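The values are calculated or read from the model by the stated rules, or taken from the named source; none is laboratory data. Treat the numbers as computed from the prediction; the structure is a model and nothing was measured. Note: ideal-geometry Cβ built from the backbone for every residue, glycine included; neighbour counts use all protein chains shown. Just the protein is used for accessible areas: all its heavy atoms, side chains included, with ligands, DNA and RNA removed. Shrake-Rupley method; radii C 1.70, N 1.55, O 1.52, S 1.80 Å.
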Amino acid sequence: MTIALFVVLLLAGTAAVIAPLARRPLAWPADPPDQRDDVARAVSSLRDLEFARAAGTIATEDYVRLRASLERDAFIRRPPESRANAPVRTLVAAAFIAAVAVAVAVFYLPPSAGDRAPGETVTGTVPQTDAIAALEARASANASDLPTQLALADAYVQAGRPQDAIPRYQAVLAKDPNNVAALDGLALILVASGGNDGAIVAADRVLAQRPKDPDALFVKGLALYRKQDWNGAVEVWTVYLDVGQYHFGSEMVRGLYADARTKAGR
């Protein structure tokens, strides 16, 4: 049965490729344009947009519109480039390789997938709600597991549940008062909710350990800007833009930084 299926796949693939050659030359597809750079830029822009939403510097309707536009534009297909004629032997070889790949997938993928929970995909990807539920169970079972507590807090933030993330960050800080990840996460939530003074305190605790931590510099500068401490924001963001040029908030900061300098008369 295995050999028969392989032969059928091989013949079908070969016939599908050779048949059009009897009627007209087949164009050999040119290498598609590399869209990874476009996708990377779109992902970076989405991260900036999310941070702007969390920081409260963008209106809800503008956020929804811009996010939809970025998600759509990231995957727009470009017009195909010119094609050149393909050699027949190359197409036959391609058909053979395709048949082999199909046969391997048919016979080897099911056993290698192993047992899965009901509803779980072959690759093991878990929906976000299931991931949060799993983290919640692990965090409840072992409150001293700080990495799990941090992962759960971050998952809450990504799911738009910052109020659920706060107790998790606080639980980590109760056991490790200088935990940088928890302080950065808490500072971001505080500045997004208008707690500028608390955000500055948290950011300063990070900067006391890491004077050039981009996350802490970003948050502290934003809190000072929102308090209209223009000189303070300029001083913090001057360091931030030097060390955090590739940080996800750098594009937003450049505009605010220029505005703060103008208002500070610098």
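Odds and ends about this structure:
- Around the Cα centre of region 169-248, unit charges on the Cβ atoms of Lys, Arg, Asp and Glu (plus for the first two, minus for the last two) sum to a dipole of about 100 debye.
- Distance cut-off 18 Å, percentage of C-alpha pairs in region 120-229 lying past it: 52
- With 0.36 nm allotted per residue and the present C-alpha distance subtracted, the residue 204-residue 59 stretch has 49.3 nm of extension available.
- Here the Karplus relation 6.51 cos²θ - 1.76 cosθ + 1.60, evaluated at θ = phi - 60°, turns the backbone of region 214-225 into coupling constants of x, 4, 5, 5, 4, 5, 4, x, 5, 5, 5, 4 Hz, with x for every Gly and Pro.
- Per residue, the convex hull volume that the Cα atoms of region 219-266 enclose (Å³): 58
- Accessible surface ranking that places the most exposed of 188, 183 first, with a 1.4 angstrom probe: 188, 183
- Whole-number accessible area per residue in Å² for region 163-266, which is evaluated in the context of all protein chains at 1.4 Å: 47
- For region 185-266, with all protein chains in place and a probe radius of 1.4 Å, 49% of the accessible heavy-atom surface sits on carbon or sulfur.
- Between residue 227 and residue 137, the FRET efficiency from the beta-carbon distance, with R0 = 41 Å, is close to 0.50.
- Residue (of 163, 231, 174) at the positive-pole extreme of region 162-266, dipole from beta-carbon charges: 231
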